[in-house]
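Report on one structure; see the data block that follows.
Nothing in this text is a laboratory measurement; each read-out follows from the coordinates by a stated rule. What you see is a predicted model; the values in this text were computed from it and never measured. Because the Cβ atoms are built from the backbone with ideal geometry, glycine has one as well, and the counts that use them run over all protein chains shown.
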Amino acid sequence: MEPIRSFIAIELPDELKLALTRLQTSLKQAAPPVVKWVEARGIHLTLKFLGNVSSDRINDIIQVMEQSARGIPPFQLEAKNVGAFPNLKRPQVLWVGVSGQLDRLSQLQQRIETNLVPLDFAAEQRPFTAHLTLARIREQASSHERQRLGEFVVAAKFDTAYTIAVNSVSLMRSELTREGAIYSRIGSVQLRLK
């Protein structure tokens, strides 16, 4: 069986994806060629990257997602502001920030992380930081190019807060192509109190 490159994520509303497309378009005009842009239609809020998974493990993963979502009611997040990891002086990843009911988001993410350990998925050592990845900067970028890009990000306008109604969590497939990754939903589970 061919492994499936996969991750668990919250999918975004179309209105936000359109806004992210407009933001990327404005940033691309000033960005150096060392920036690799994420396809805006595929941007999502990653909760856990799983890597290559055997297809016979998919049902177990979905069961973990159901177990993790139980007791967490639907909640709302907002996407607003632009930033960079590790910082704007030396950006490596450009992102849009996520705010709102982060306590519920963190609870959901932590449950998924913990409940996957018995399935032999290693727990992430870095703290979870909610964000939407816009682009990654290639390693060969000079410090001058990085600094200039950071300045463009500071000047970028993404002031409107876009609501993300979180009602479900999705298991996603990531197919790598020359044009970039193509994402498709394998399955999803609803958030629910009981």
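Descriptive notes on the structure:
- Beta carbons closer than 7 Å, at least 6 apart along the sequence or on distinct chains, pair a first residue in segment 138-166 that is farther than 22 Å from LEU12 by Cα with a second that is in a helix (DSSP H, G or I) for PHE152/LEU27.
- Whether a residue is closer than 21 Å to GLU66 by Cβ, hydroxyl-bearing (Ser, Thr, Tyr) and outside any loop (DSSP other than H, G, I, E, B) was assessed, and THR163 does not pass this test.
- For the residues THR133, THR129, the requirement of being closer than 30 Å to ARG70 by Cα and assigned to a strand (DSSP E or B) singles out THR133.
- GLY187 meets each of the listed conditions (1) surrounded by fewer than 18 Cβ atoms within 10 Å (Cβ to Cβ); (2) of a type outside the set (S, T, N, Q); (3) within 24 Å of PRO32 (Cα to Cα); (4) within 20 Å of the chain's Cα centre (by Cα) apart from (3).
- Test: residue in segment 37-49 that is over 14 Å from the mean Cα position of the chain (by Cα) and either closer than 25 Å to GLU145 by Cα or crowded, with 16+ Cβ neighbours inside 10 Å (or both): no
- Reported count of residues in segment 32-57, each being outside any loop (DSSP other than H, G, I, E, B) and over 20 Å from ARG192 (Cβ atoms), is 15.
- Within segment 58-117, considering residues that are among the hydroxyl-bearing types (Ser, Thr, Tyr) and in a helix (DSSP H, G or I), the one surrounded by the most Cβ atoms within 10 Å (Cβ to Cβ): SER68
- Here THR25 fulfils each of the conditions (1) closer than 30 Å to PRO74 by Cα; (2) in a helix (DSSP H, G or I); (3) without any contact (Cβ under 8 Å) to a residue 60 or more places away in the chain apart from (1).
- Residue within segment 123-141 that is touching a helix residue (DSSP H, G or I) at 6+ places or on another chain (Cβ under 9 Å) and farther than 25 Å from LEU23 by Cα present: yes
- Residue that is nearest to the chain's Cα centre (by Cα) [pool: residues in segment 105-126 that are over 13 Å from GLN63 (Cβ atoms) and polar (S, T, N, Q)]: GLN109
- Single unsatisfied condition, GLN125 versus (1) surrounded by fewer than 19 Cβ atoms within 10 Å (Cβ to Cβ); (2) polar (S, T, N, Q); (3) in contact (Cβ under 8 Å) with a residue 40 or more places away in the chain: (3)
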